[in-house]
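The next block holds one structure in the form of structure tokens; read it before the comments.
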Amino acid sequence: MSCIIRIIIIIFSLFSLNSCFLVSESLTMPDSWNWPWWKARPYMARGLPDGDTDYHRGFRDGCQTYLGMVSQGPLRNSFGKYDGWKLTSSSMYASGVYDGEEHCAYIYDWDII
Amino acid sequence: MMEKSTARIYMTGILFNMRNISREFTKLLIMSIFLLILSSCDKISYSISKPWLLEIEPPPGPPIYQAAYVDGCSLGVQENHHNIEAMRNSMYKHPVYNKTSNLYRRMWRSAYTYCYLWWPKLNRNSASFFKPSLRLRSKGLYGSHKWQYLKKSPQGPRNFRVGWNHGCDTGKAATGKSQHKIKYGFKKDPRYIEGDKFNKEYEKGWETAFWYCQRFYDIYESPERKRLM
């Protein structure tokens, strides 16, 4: 009987360990963002795309630009960087920029239009 | 011989002086109250000046461009529950142009957004005469990247940069205070119309900058959102 209880406890523990993934995701940034360890990171910003396509690059640029605008504290130092050449030539980059802007703005500011 | 007392005369002098002092004091008090009352003119000037500054008249350009501006702006103003404008209930969208003309649709949307955003800022600004803001506006520090984007476009094609400047000026006018509304206004240059649409690069720059500058000023200028700074 005690063996069954142990197994159940172990299974439940394994389930609860699953949530550590969410914690690590909320504390680290995707690799492709090249986010320095000393730099503040957006609070609870999970699910940021990791990749190196035009869309991902656009997402990063849009997100960083808007983080500098709507966030507080050291994150305000996130400098905006738009690439006008890509914005006009690559529709994927443009989509990424607009998605990144929206996504990261609304993490902090729900009232923004 | 009895000496004549000067006490009465002396007292009268004090009373006379006190009366003078109290008169001066009353004047000062009245003036101070008037100044306090005058400070509310700041609010009045906003509520008077803002609607007058909104350009309901379309900018010069082709007829479809102008029609789209008038339609979009009329609906934007009306939908924002302004008491007077909201009395006119109808949809301002030309059914034929809206289906057939891309230029009409794009221009309508720009004008609608501009005028829609223009009105809610009416009562946002509190009286500022006795409330100087001593806050360090770190978000708007000169020389920062954020500030540069308000003044100068990012690198890109020429049309993109022109579109950026025009879009940013429009965004500032939509959300800024009266001084911004006087200085800036709706700017979307009809010279960049190509066929039935705006130049792609110009349009991209305009859209991106409009939202960037509008949102920047939304946080920068509105009292209830300054907590974000």
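Name the single residue, out of those in segment A:68-113 being within 19 Å of residue B:151 (Cα to Cα) and in a loop (DSSP other than H, G, I, E, B), that is farthest from the chain's Cα centre (by Cα).
A:83
For the condition exposed (fewer than 10 other Cβ atoms within 10 Å of the Cβ) and modelled with pLDDT under 80, what is the one hit in A:14, A:22?
Only one candidate passes the filter, namely A:14.
Looking only at segment A:46-92, count every residue that is in contact with a Cys (Cβ under 8 Å, 6 or more places away or on another chain) and of a type in the set (Ser, Thr, Tyr) and tell me the total.
1
Filter segment B:90-109 down to the residues that are more than 25 Å from the chain's Cα centre (by Cα) and at pLDDT 85 or above and list them by number.
B:94, B:95, B:96, B:97, B:98, B:99, B:100, B:101, B:102, B:103, B:104, B:105, listed by residue number.
Within segment B:172-202, how many residues turn out to be surrounded by fewer than 17 Cβ atoms within 10 Å (Cβ to Cβ) and polar (S, T, N, Q)?
2
I'm checking my understanding of the structure. Among residues of segment B:65-81 that are of a type in the set (A, V, I, L, M, F, W, C) and at pLDDT below 85, which one is surrounded by the most Cβ atoms within 10 Å (Cβ to Cβ)?
Result: B:77.
Identify, please: which residue in segment A:46-66 is at pLDDT below 90 and within 11 Å of chain B (Cβ to nearest Cβ) and is, among those, surrounded by the fewest Cβ atoms within 10 Å (Cβ to Cβ)?
A:64
I'd like to check which helices (runs of 4 or more DSSP H) are fully inside segment B:110-229 and have at least 2 residues that are at pLDDT 80 or above and of a type in the set (Gly, Ala, Ser).
Once the helices (runs of 4 or more DSSP H) in segment B:110-229 are filtered for at least 2 residues that are at pLDDT 80 or above and of a type in the set (Gly, Ala, Ser), what remains is B:158-175, B:200-221.
Just give me the residues in segment A:67-106 being surrounded by fewer than 20 Cβ atoms within 10 Å (Cβ to Cβ), facing chain B (nearest Cβ under 7 Å) and among the aromatic types (Phe, Trp, Tyr), in sequence order.
Hits for segment A:67-106 are A:79, A:85.
Looking only at segment A:26-39, decide whether some residue is assigned to a loop (DSSP other than H, G, I, E, B), under 18 Å from the mean Cα position of the chain (by Cα) and aliphatic (A, V, I, L, M).
Among the residues of segment A:26-39, at least one is assigned to a loop (DSSP other than H, G, I, E, B), under 18 Å from the mean Cα position of the chain (by Cα) and aliphatic (A, V, I, L, M), which makes the answer yes.
The values are calculated or read from the model by the stated rules, or taken from the named source; none is laboratory data. As the structure is a prediction and not an experimental result, all values here were calculated from the model. Reconstructed Cβ throughout: ideal geometry from the backbone, glycine too, with neighbour counts over all protein chains shown.
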